1. How much net charge surrounds residue 329 when only other residues with a Cβ under 10 Å from its Cβ are counted (Lys, Arg +1; Asp, Glu -1)?
2. Stretched out fully, how many nm does the piece from residue 214 to residue 108 gain, at 0.36 nm a residue minus the Cα gap?
3. Report the Cα-based extents of the chain along its three principal axes, largest first, to the nearest Å.
4. Which of the aspartates and glutamates could a cross-linker span from residue 293 if the Cα-Cα distance has to be under 17 Å and same-chain partners fewer than 8 positions apart are dropped?
5. Of 102, 48, 124, which has the largest mean-square fluctuation in a 10 Å C-alpha GNM of the chain?
6. Just name one of 100, 110, 123: the one whose Cα is farthest towards the positive end of the charge dipole of segment 90-132 (beta-carbon charges, Lys/Arg +1, Asp/Glu -1).
7. State which helices in the chain qualify, where a helix is a whole DSSP H run, it must extend 20 Å or more along its own axis by its Cα atoms, and its mean Kyte-Doolittle hydropathy must be at least 1.0.
8. Where does the chain land at 222 nm, in deg cm²/dmol rounded to the nearest 500, when only DSSP H runs of n ≥ 4 count, each adding -39500 (n - 2.57), divided by all residues?
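Read the figures in this text as sums done on the coordinates, not as results from a lab. Note that the structure is predicted; figures quoted are calculated from it, not measured. For neighbour counting, all protein chains shown are included, and Cβ atoms are generated from backbone atoms with ideal geometry for every residue, glycine included.
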Amino acid sequence: MLSQHQSISTSRSIMSRLTRLLICFGIFGMPLAHAQTSARVAQSAAAAPIRVLIIDGQNNHLWRVTTPLLRRILEQTGRFQVDISTTPTAPVRPALSKTATAEEKAAHEAKLKDYEGALAEYQARHEKLWSTWRPVFSNYAVVLSNYNGESWPEPIRAAFVKFVRNGGGFVSYHAADNAFPEWPEYNEMIGLGGWGNRTEKDGPYLRLRNGNWTRDMTPGRGGAHGPQHEFLIEAQAPDHPVMRGLPATWMHAQDELYDSLRGPARNLLVLASAKSPRTQEEEPLLMAISYGKGRIFHTALGHGMEALQGLGFQVTLARGTEWAATGKVTQPAPSPSALAANRASLHPVTASP
Ligand SMILES: [Zn+2]
């Protein structure tokens, strides 16, 4: 009897499982899974896209190349609507290689003259040029900075501080954390920064000691990196919305590994780090910071084209931007095999869809 009972209950259980499967595959009338998917699609289509403003215009990096890729990386998720605001662009001083030939030196002299002419012209029109740059931050849920250049005019700085303090999102991308060493509120927002004569006067290094991030006031410069290479990213806050569902480690595409950043580092959570071959320390590379009611996602990754092809860069940028804007992340995490630890997972992206 017992075995019969077991057998019945087993077969009931199998039937019940079978029924669930059949329902899921839509054999009985309404295809449930499909209906649920459709509902989700309809819901996400109905949800207004998150409005993002990318700021660029001056940077020691190729902002004209990276901004369209950043826009594409965000827009490919279907969650964002991206505008770009470009500041007045200052002429860039031509560089001369240490190994330049006599011919190259002569050509450089000529370029330098052109540069000086352009610079004089820029300086003469400086006030007028900058008076026309008036981004309206409050039209956006989040501002992403791809800017590392001259100080913004005071009214713009004040408007930006007010925007973030009142709950606006901010994403600091790569060299944006080199910008504005003299602007205290900005440094509070980015938490850690580099270059621009940053030293111990600007705040501590963050150092991982026995599983805790500690403030290290050792004197020294803020900001450095070695040659570009692929490196292993290690999640440090796996329960944070930006990191939830991502693998504990993954290999990042070729990039600069920023090290020895320093800054106020208040209200800052290190989301992910990588061990620098230069410092032999875990260096904070993805961070979440709060400033007033605002949320800041800081990614120190993304030097150039190669880094931007990295799936891990793209996923964390898009998730970090959503989190900065809304406090939540609705984008699904890639499967662990798609974001691998033993090789850099690349997802080619170009400026046009
Ligand atoms: Zn760089």
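1. +3
2. 33.5 nm
3. 98, 46, 45
4. Partners within reach: 185, 188, 322.
5. 102
6. 123
7. Helices passing the filter in the chain: none found.
8. -10500 deg cm²/dmol
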